[in-house]
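Quick notes on the structure that follows.
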Amino acid sequence: MDSIGKRFRQLRKSKGLNQIDFAAAIGVSQGTLSDIEKDKCKPSVETVISASGYCKISCDWLLTGKEPVQRELPPKYQPENLGPLTEQEKKTIWMYQQLNSQDKEYANNTIEMLFSKATKKGTSSGSMTGGTGEEAAASETA
């Protein structure tokens with residue numbers, strides 16, 4: 001695996017810069033950059049951030065040699081992709097429609113919070129409890 005110094009050198013060369021110009025661009029002296037590239041010292045956090053910002057690359061790559069893992073974005077709301085509604089979903093929508101505006105806002109905020117929590121855990125499709133809406137409703141009435 002390449003060292004951080006080798007990645008700094010690779011980055012500088014990929015931009016076609018000499019040590020003097022690259023060092024000035026990222027806010028260090030040429031001597032400091034030389035020491036970093038030779039692995040005589042480690043770059044400061046500020047230097048890593050400056051170099052990654054200047055070269056438009058991730059700090060992860062500069063620090064580890066690996067690209068960051070891309071997280072899947074939560075699904076975008078698209079009404080045309082909803083498909084048919086279950087009886088529980090229809091009942092929930094009907095009950096929502098009966099609420100006053102303040103209670104609707106509370107319900108919306110609660111659902112958005114639960115959705116956000118589920119998408120961060122990667123469990124956004126289907127029920128978060130593993131059961132169906134009908135099972136949840138049956139257990140409430142039991």
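The values are calculated or read from the model by the stated rules, or taken from the named source; none is laboratory data. Everything quoted here is computed from the prediction, not taken from an experiment. Glycine gets a Cβ as well: all are built from the backbone with ideal geometry, and neighbour counts include every protein chain shown.
Worth pointing out:
- Some residue of region 119-126 being among the hydroxyl-bearing types (Ser, Thr, Tyr), closer than 30 Å to LYS6 by Cα and at pLDDT below 90: no
- Identification of helices (runs of 4 or more DSSP H) wholly contained in region 1-62 with 2 or more residues that are of a type in the set (A, V, I, L, M, F, W, C) and within 25 Å of the chain's Cα centre (by Cα) yields 4-14, 45-55.
- Members of region 78-98 that are surrounded by fewer than 12 Cβ atoms within 10 Å (Cβ to Cβ) and in a helix (DSSP H, G or I): PRO79, GLU80, ASN81, GLU87, LYS90, ILE93, TRP94, MET95, GLN97, GLN98
- Hits in region 7-20 - residues which are loosely packed, with under 14 Cβ neighbours inside 10 Å and either of a type in the set (Val, Ile, Thr) or over 20 Å from LEU63 (Cβ atoms) (or both): GLY16, ASN18, ILE20
- Residue tally, condition at pLDDT below 90 and aliphatic (A, V, I, L, M), over region 86-106: 0
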